Every structure is written in structure tokens, then in C-alpha cells.
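Asker: Here it is, the structure in full.
The values are calculated or read from the model by the stated rules, or taken from the named source; none is laboratory data. Remember, it's a predicted structure, so these values are computed and weren't measured experimentally. Here the Cβ positions follow ideal geometry from the backbone for every residue, glycine too, while neighbour counts run over all protein chains shown.
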Amino acid sequence: MRQTIHLSAPPSVLSWANIGGKYEKDGPLAPYFDQLDPDSFFGETTYEKAESAMQRYVLSKALEKAHLNSEQLDCIFGGDLLNQCIAAGFAMRDFPVPFYGLYGACSTMGESLSLAALLLSAGYLTRAAAVTSSHFCSAERQYRMPMPYGSQRCPTAQWTATAAGCTILSATGNGPYITHVTRGRVIDKGITDANNMGAAMAPAALDTLQAFFRDTGCAPGDFDRIITGDLGKLGSAILVDLAQREGLDLSANHSDCGLLLYDLERQDMHCGGSGCGCSASVFNGYLLRQLQAGQWRRILFAPTGALLSPTSSFQGESIPGICHAVVVSAEKE
């Protein structure tokens, strides 16, 4: 089965935007954000409304950078971590544009980019936006327990980013371009610990990366960076080890958004960042800025997601993982 599509008409990145909260402001990637707000409510009255406000901001900012209005978009692809994707769905009430609500957990930025790129390349769309967010407080309230309880976080836990990112893609433009899309499969190796997301998602990352290299004939050394999404410290180490056993050496140029967003030691983030806003904000800031500046020419961006819910965890289910990958290149290839 071939999972990778080489896009015959690679869509171009027109613009991008991101936003973060107080911990992102204290992190090493702070200079790569469009806005950093120490107010976790972002001017709203609830954390869920705050997350919608973040999505509205990044979409509006990306449109502003592209000198477009929302009516010039053919479609918006967006998602978040909340039940029924309410952060994205409620945010899109302000934009009169066709909308697809997506859920890929922390892989949602990769999922939205993939679907937008495929439809643009096929000629069904002219311009589209991919937007994703997460919020530490709304996610913790949904997935774990009320924060005032003050429970201790275990060493393998990751910190859900309070962040959002948006990419606007066009059928035409000067790049960078999305040249390949690798569709991820659901992979479940039996991990049941909801505080060990990296271990649950690493096998899915390996499966997608193996599929990409098998389908394209490329090697890891063909990329300036191979960036996974939110495996964190433990999950990244597991991925590199599993890949090495399969004859795939990722040690030279692998990075992970969950390790890039925070200073793990100074900020005490345990195993690093997580949440679909983590990879969304890193991609729509640091990664695209590096490509724009010519520091990199070609990256493989592979966000990962843990497809669990509070209900499935309470019922003792294991945690399925998924990973969707896109190649972003300075050339159309």
C-alpha cells in the first residue's frame, strides 16, 4: 500500500501566524511568535472561549499578512483537543467560509495541512487555511482533573501548550511548497498510561516515516530537519531507537516540537510540550521562518497524535497513535 502522494502541483505557503501564552513567552522560541499573551483567558471569561479567541487571532493575522479577506478563502480546515472541536467550530462563526472540523489529536496540524494541500493540488480549491490550537487549562479540565486539585505530575508527563497556529496555502505562489503528503495509519502498541503520550505515539511516527522513505526512495539525510510533533523527550528517544532497529538513522537531523517549544530544565516541563497547538505554533513560527530565511531548504514535518478520550481511558483502553507527514520545500521538486 502506497501512503505517500507526490503532489504534481505543489501548493504554496502564502502566510502563517501563531500565538502563545505565558509559558511559551518564557520559552526559547518566543521571538518566533506573532503574539504572546500572559493572560490565559486572552480577554475571555472561560478557557474554552480563550482557545476560540486564539484561533480567531491566528486566522485573522495570517489573512492580514497575505493581504486577503476571509471571503477569498475557499475552505478552512481546523481542529483542537476539545469535545466536538468546539474551539475551532465556535471560532469559525466569525468567518463566512466553508469549514471542515478535524480531530487528529496532536497530529491535527499535519492532518489539516495534508487535506488542504491535496485538494489544492487537485484543483478543487484555490486558497485554504489550516488552523489548530490547544490550551493547557481547557485540555487538563477535559482529560485529567480540575487544576485546583493540584495533583503532582509524573516524570513522563508533557505540558499541553497554550498556543495556536494557522497556515494559508494557495494553488500558486513563490513557496515554500508542500510537495509530498504521507497519510498516517492508526498504530496501537498497547500503551495504557495517559501520562506517557510519547511512548504511545512513537510507533505511529515510525510507521509514517518508514512509509514515506519506502514510497519515495528518500533517505533521512535528504532533509535539513525531520521534525515530529510532540513526542517529547521520552517519545523522541523511543522513536530514534525503534528507527535504528529498523535500519533508519534519524539521530543526525531529528527534532521534535515538544522539545523545541520549551526549555525543559529551566521551565520544568518534565518530558516537554504536547497538545496540537504545540506543533501548530512551532510550524507556523520557527519552522517556516527558517525556510523563509534560507536556513533550511527542505524539511519533513510529521506531527503525531494520541487518539484517546477520557471515556476510553476510564474503560482501560490502550492509546492508539497516528502521524501525518508533509514535506515542505523551498523548491517545487
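Asker: Given (1) in contact with a Gly (Cβ under 7 Å, 6 or more places away or on another chain); (2) part of a helix (DSSP H, G or I); (3) surrounded by fewer than 24 Cβ atoms within 10 Å (Cβ to Cβ), identify the lone condition not met by A280.
Answerer: Failed condition: (3).
Asker: Among the residues of segment 96-125, which ones are among the hydrophobic types (A, V, I, L, M, F, W, C) and surrounded by fewer than 24 Cβ atoms within 10 Å (Cβ to Cβ)? Break it down into steps so the answer makes sense when it comes.
Answerer: In the first step, residues of segment 96-125 are kept if they are among the hydrophobic types (A, V, I, L, M, F, W, C); the result is 97, 99, 102, 105-106, 109, 113, 115-120, 122, 125.
Hits for segment 96-125 are V97, F99, L102, L115, L118, L119, A122, L125.
Asker: Checking the structure you have, find out if any residue of segment 12-22 is in contact (Cβ under 8 Å) with a residue 12 or more places away in the chain, in a helix (DSSP H, G or I) and surrounded by fewer than 21 Cβ atoms within 10 Å (Cβ to Cβ). Quick ask: steps written out before the conclusion?
Answerer: Step one: filter segment 12-22 for residues in contact (Cβ under 8 Å) with a residue 12 or more places away in the chain, giving 12-22.
Retained after the next criterion (residues that are in a helix (DSSP H, G or I)): 22.
This time we only want the ones that are surrounded by fewer than 21 Cβ atoms within 10 Å (Cβ to Cβ), so: 22.
So far as segment 12-22 goes, yes, one or more of its residues are in contact (Cβ under 8 Å) with a residue 12 or more places away in the chain, in a helix (DSSP H, G or I) and surrounded by fewer than 21 Cβ atoms within 10 Å (Cβ to Cβ).
Asker: Quick one: count up the residues across segment 237-277 that are assigned to a loop (DSSP other than H, G, I, E, B), modelled with pLDDT under 85 and surrounded by fewer than 22 Cβ atoms within 10 Å (Cβ to Cβ). I'd like the intermediate steps shown before the answer.
Answerer: Going through segment 237-277, the residues assigned to a loop (DSSP other than H, G, I, E, B) turn out to be 246-253, 261-263, 268-272, 275.
Now drop any that are not modelled with pLDDT under 85, which leaves 263, 268-272.
Right, trim to surrounded by fewer than 22 Cβ atoms within 10 Å (Cβ to Cβ) and you get 263, 268, 270.
Adding up the residues that qualify gives 3.
Asker: Being under 17 Å from the mean Cα position of the chain (by Cα), within 17 Å of A280 (Cα to Cα), outside any helix (DSSP H, G or I) and among the aliphatic types (A, V, I, L, M), is that true of even one residue in segment 50-64?
Answerer: No, the conditions are met nowhere in segment 50-64.
Asker: Of all residues in segment 213-236, how many are assigned to a helix (DSSP H, G or I), crowded, with 23+ Cβ neighbours inside 10 Å and modelled with pLDDT of 95 or more?
Answerer: Of all residues in segment 213-236, those assigned to a helix (DSSP H, G or I) come to 213-216, 220-222, 232-236.
If we keep only those that are crowded, with 23+ Cβ neighbours inside 10 Å as well, we get 232, 235-236.
Adding the requirement that they be modelled with pLDDT of 95 or more leaves none.
Count: 0.
Asker: Related question: T311 is checked against (1) in a loop (DSSP other than H, G, I, E, B); (2) out of contact with any helix residue (DSSP H, G or I) (no Cβ under 8 Å at 6 or more places or on another chain) and fails just one. What number does that condition carry?
Answerer: With respect to (1) in a loop (DSSP other than H, G, I, E, B); (2) out of contact with any helix residue (DSSP H, G or I) (no Cβ under 8 Å at 6 or more places or on another chain), T311 is out only on (1).
Asker: Pairs needed: first member in segment 312-333, within 30 Å of H6 (Cβ to Cβ); second member anywhere, among the basic types (K, R); C-beta distance under 6 Å; at least 6 residues apart or different chains.
Answerer: What qualifies is S329/R298; A330/R297.
Asker: Of the residues E44, E24, which is closer than 22 Å to V282 by Cβ and charged (D, E, K, R)?
Answerer: Numbers: E44 fails: closer than 22 Å to V282 by Cβ.
None of the others qualify; the one that does is E24.
Asker: Here is a follow-up. Given the residues F99, F95, which is the only one that is closer than 25 Å to S12 by Cα, among the hydrophobic types (A, V, I, L, M, F, W, C) and touching a Cys at 6+ places or on another chain (Cβ under 9 Å)? Lay out the reasoning, then the answer.
Answerer: Values: F95 fails: touching a Cys at 6+ places or on another chain (Cβ under 9 Å).
That would be F99, the only listed residue that is closer than 25 Å to S12 by Cα, among the hydrophobic types (A, V, I, L, M, F, W, C) and touching a Cys at 6+ places or on another chain (Cβ under 9 Å).
Asker: Another question about this same structure. In this structure, does L300 turn out to be assigned to a helix (DSSP H, G or I) and modelled with pLDDT of 90 or more?
Answerer: Working: assigned to a helix (DSSP H, G or I): no; modelled with pLDDT of 90 or more: yes.
Here the answer is no, as L300 does not meet what is asked.
Asker: A follow-up question, please. Just to be sure, is S251 closer than 29 Å to E140 by Cα and not charged (D, E, K, R)?
Answerer: Values: closer than 29 Å to E140 by Cα: no; not charged (D, E, K, R): yes.
For S251, the condition - closer than 29 Å to E140 by Cα and not charged (D, E, K, R) - is not met.
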